[in-house]
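Undergrad: The following block contains the structure, expressed as structure tokens.
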Amino acid sequence: MAKGGDESGKIGLQGLVVRNTGNAYLVRDDNGNDIIGIAKGNLRLKGIRSTSPIVVGDRVFMDPNPDGTAFITDIAERKNYIVRKASNLSKHVHILAANIDLAFLCVTVSYPETTTVFIDRFLTTAEAYSVPVCLIFNKIDLYDEEESEYLNALIHLYSTIGYQCLKTSTVTGEGKDQLEALAE
């Protein structure tokens, strides 16, 4: 198990949260070992009002237990995160993921249509929390001439304002190589 400290002097087991399973978290240490992490009761995010104190992508510090699990004692500072409003009417947010290198938003012109309102809301949230986004326009093999023109107009719009856009089809494989290269 990887042990060590960071520049702030925190000592203990360190790892990356790769899955949230309710009250427990699957944490992968720096050697590739998976550990079940359990949040300590006094663990709180500093300055963030969130319904989700630990999320996928968080770097965490842990104290190991004899049974092979570990208590999560602290969370490293996040470089960014993506949120949505909490489902209740509180002023809290629900953090979906943290430390994101690139978010992919898969959209379709039809079958079903992804509205520009949805796209813009996602981009606004991502921009507010410094998360880079690539728009993946999928199902291009299904579009007629009118839908293809609309697709090209959307790509022109979003690429003009600085977003990377990619056309893909899971049926024909178009865009697959470019998408895989971006995901590395």
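The values are calculated or read from the model by the stated rules, or taken from the named source; none is laboratory data. Since this is a predicted model, take the numbers as computed values, not measurements. Here the Cβ is made from the backbone with ideal geometry for all residues, glycine too, and neighbour counts use every protein chain on show. All accessible areas refer to the heavy atoms of the entire protein, side chains included, with ligands and DNA or RNA removed. Shrake-Rupley method; radii C 1.70, N 1.55, O 1.52, S 1.80 Å.
Undergrad: Say we look at region 95-119 and pick out the residues that are open to solvent by 70 Å² or more (accessible area, probe 1.4 Å) and not hydroxyl-bearing (Ser, Thr, Tyr); which of these is farthest from Leu151 (Cα to Cα)?
TA: Taking the candidates together, the pick is Leu96.
Undergrad: Among residues belonging to region 4-34 that are closer than 13 Å to Thr73 by Cβ and in a strand (DSSP E or B), point out the one that is modelled with the lowest pLDDT.
TA: So, considering only residues that are closer than 13 Å to Thr73 by Cβ and in a strand (DSSP E or B), the one modelled with the lowest pLDDT is Gly5.
Undergrad: Among the residues that make up region 68-75, is at least one of them among the charged types (D, E, K, R), open to solvent by less than 40 Å² (accessible area, probe 1.4 Å), closer than 21 Å to Thr21 by Cβ and out of contact with any Asp or Glu (no Cβ under 7 Å at 6 or more places or on another chain)?
TA: Yes; the residues of region 68-75 include at least one that is among the charged types (D, E, K, R), open to solvent by less than 40 Å² (accessible area, probe 1.4 Å), closer than 21 Å to Thr21 by Cβ and out of contact with any Asp or Glu (no Cβ under 7 Å at 6 or more places or on another chain).
Undergrad: Out of everything in region 172-184 that is in contact (Cβ under 8 Å) with a residue 12 or more places away in the chain and small (Gly, Ala, Ser), what residue ends up being surrounded by the most Cβ atoms within 10 Å (Cβ to Cβ)?
TA: By that ranking, first place goes to Gly175.
Undergrad: When you go through (1) more than 29 Å from Arg28 (Cα to Cα); (2) open to solvent by less than 60 Å² (accessible area, probe 1.4 Å) one by one for Cys134, which number turns out not to apply?
TA: If we test Cys134 against (1) more than 29 Å from Arg28 (Cα to Cα); (2) open to solvent by less than 60 Å² (accessible area, probe 1.4 Å), just (1) comes out false.
Undergrad: Quick one: would you say Thr125 is in contact (Cβ under 8 Å) with a residue 24 or more places away in the chain, among the polar types (S, T, N, Q) and open to solvent by 60 Å² or more (accessible area, probe 1.4 Å)?
TA: no
Undergrad: A follow-up question, please. If I ask for residues that are part of a loop (DSSP other than H, G, I, E, B) and open to solvent by 60 Å² or more (accessible area, probe 1.4 Å), which ones from region 146-171 would you list?
TA: Ile161, Gly162, Thr170, Val171
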